[in-house]
Amino acid sequence: MNTTPTIDILNATVHRLTRDHRTTHVDPDTGIKSYPTELSLFEQLRQEIASGRRPSTGGSSGSRSPIAIPAFGLWAEIRETLATMHIAITGRDEPKLSAESKLQKWAAWTQSDVGGESAQKCLHSATAWASAIEQLLNPVRRTEIVGACPVEACGASHAWTWEDGEYVRNTAITATGAEARCGACGTTWAGAELHSLALNLGKAAA
Ligand SMILES: [Zn+2]
């Protein structure tokens, strides 16, 4: 089994979760792509939770952001999984070590497993968290598209998202009007690329 593609996707996903990174923005009117830099997804999730806790200025009841509660549940789930894996890998409980460091250590540790199974497990968690955080912060309605991702290293037909406090299995490829994205590897298609995506859907699995 060739494990290199898994490790490439894993590194890219861990990068998005734990470091400032470039992201793909597609203008919904023109289909033009731009690549702004954004904060790590973990940091964006923490900021969302913090903003939800802050009482709104002038409001009497200190209304919470409507997404603060699922954000908190997702963050608790992420931290618990990372704490468990950290203890399993290092034999040490380090509650003060950041989630970023724990995930980076976990991903680095999987690269010594030549079978690639531990990398797959780490990738499964990391992609589920990345798509869950993105969906939570930017809840656009996405249409499910049946088929396997044509990216050779990916080929996923399903991916996990976090909805209403639980993981939900969706198709890997989902689309808005202007762009399509693979929830497993994070590849985005826009404009004319949507035609080549349509032509190549499922070929990786064939
Ligand atoms: Zn993919």
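Length gain on complete extension for the stretch His124 to Asp8, per 0.36 nm per residue less the alpha carbon to alpha carbon distance?
So the extension gain works out to 40.4 nm.
Could you run the Karplus curve 6.51 cos²θ - 1.76 cosθ + 1.60 with θ = phi - 60° over region 27-38 and give me ³J(HN,Hα) per residue in whole Hz, x for Gly and Pro?
Those phi angles translate into 5, x, 8, 9, x, 6, 8, 9, 10, x, 8, 10 Hz.
How far, in nm, would the chain grow between Asp27 and Ala108 when pulled straight, counting 0.36 nm per residue and subtracting the alpha carbon separation? Intermediate values should be presented prior to the final figure.
Details: separation 81, 0.36 × 81 = 29.16 nm, distance 3.55 nm.
Full extension from Asp27 to Ala108 adds 25.6 nm.
Which aspartates and glutamates have a Cα lying under 14 Å from the Cα of Lys33, excluding residues fewer than 8 positions away in the same chain?
Here the aspartates and glutamates satisfying the reach criterion relative to Lys33 are Glu179, Glu193.
So what J values fall out for region 105-116 if you push phi through Karplus, 6.51 cos²θ - 1.76 cosθ + 1.60 with θ = phi - 60°, rounded to Hz, Gly and Pro as x?
For region 105-116, the Karplus curve yields 5, 4, 4, 5, 4, 5, 6, 8, 8, 5, x, x Hz.
Throughout, read-outs are computed from the coordinates displayed, never taken from laboratory work. Owing to the predicted nature of the structure, the values given are computational and were not obtained by experimental measurement.
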